[in-house]
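Structure first, then comments.
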Amino acid sequence: VCNTAHILYERWARNAPIPTLHIIDETVRTALADGARRATALISASLARSNLYVERAQALGLACANPAPGQQPIVDGLISAIKVSGELDMTQGRAARELLATLKSQGIDTVIAGCTELSMLESTCRDAGVHFVDSNAALARAALNRLGLPPERLVASPPVHRV
């Protein structure tokens, strides 16, 4: 499921024949349940322009910011690299680590992977000392919960790559 597609959520979910979970809301709820106080959502430029993550997070009680204008090109580059090759090279890995260090120095305690390609940043966030919330996993857990299934049914993630 694409986080950016949720810009149109109200349009396509309104008359859906089945209940449709909102990936941003479920991700923010997961962040809150995990103790997040100040978060930044690493998201596509389109989603950042819409300000949807910030609005939904604030509505649910989480202080959240989009990447700063100078940070968004870094996030876009990470997303593009992962889409193309499935990994980050040394330069991109360094950029990710520097971005996370900057976010932590700004008081961010939680990074939300608000783009499904960014799941691989989990260990890098942990190494940087910031909590990581994966929108893919948050949505999967919410779906299992909605179905009345235990979270253990969630399939294990692929190996985490260090960047």
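The values are calculated or read from the model by the stated rules, or taken from the named source; none is laboratory data. These numbers come from a predicted model, not from an experiment. No Cβ is skipped: glycine too gets one built from the backbone with ideal geometry, and neighbour counts run over all protein chains shown. SASA here: full protein model, heavy atoms, side chains in, ligands and nucleic acids out. Shrake-Rupley method; radii C 1.70, N 1.55, O 1.52, S 1.80 Å.
Odds and ends about this structure:
- For the range 86-120, the tally of residues that are aliphatic (A, V, I, L, M) and farther than 20 Å from Arg29 by Cα stands at 9.
- Residues in the range 93-106 that are open to solvent by 90 Å² or more (accessible area, probe 1.4 Å) and within 12 Å of Ile74 (Cβ to Cβ) were compared, and the one that is farthest from the chain's Cα centre (by Cα) is Arg94.
- Cβ-Cβ distances below 6 Å connect the following pairs, each with a first residue in the range 118-146 that is closer than 14 Å to Ala101 by Cβ, a second residue that is of a type in the set (Val, Ile, Thr) and modelled with pLDDT of 95 or more, and a separation of six or more residues or different chains: Cys125/Val111; Val130/Val111.
- Selection from the range 108-148 of residues that are open to solvent by 20 Å² or more (accessible area, probe 1.4 Å) and in a loop (DSSP other than H, G, I, E, B): Asp109, Gly129, Leu147, Gly148
- Lys83 vs. criteria of a type outside the set (S, T, N, Q) and touching a Gly at 6+ places or on another chain (Cβ under 8 Å): no
- So Glu87, is it at pLDDT below 95 and over 24 Å from Pro151 (Cβ atoms): yes
- Meets criteria (in contact with a Gly (Cβ under 7 Å, 6 or more places away or on another chain) and at pLDDT 95 or above) for Gln72: no
- Only helices (runs of 4 or more DSSP H) whose full extent lies in the range 11-92 are considered here, and the ones with at least 2 residues that are in contact with a helix residue (DSSP H, G or I) (Cβ under 9 Å, 6 or more places away or on another chain), polar (S, T, N, Q) and surrounded by fewer than 20 Cβ atoms within 10 Å (Cβ to Cβ) are 45-50, 72-85.
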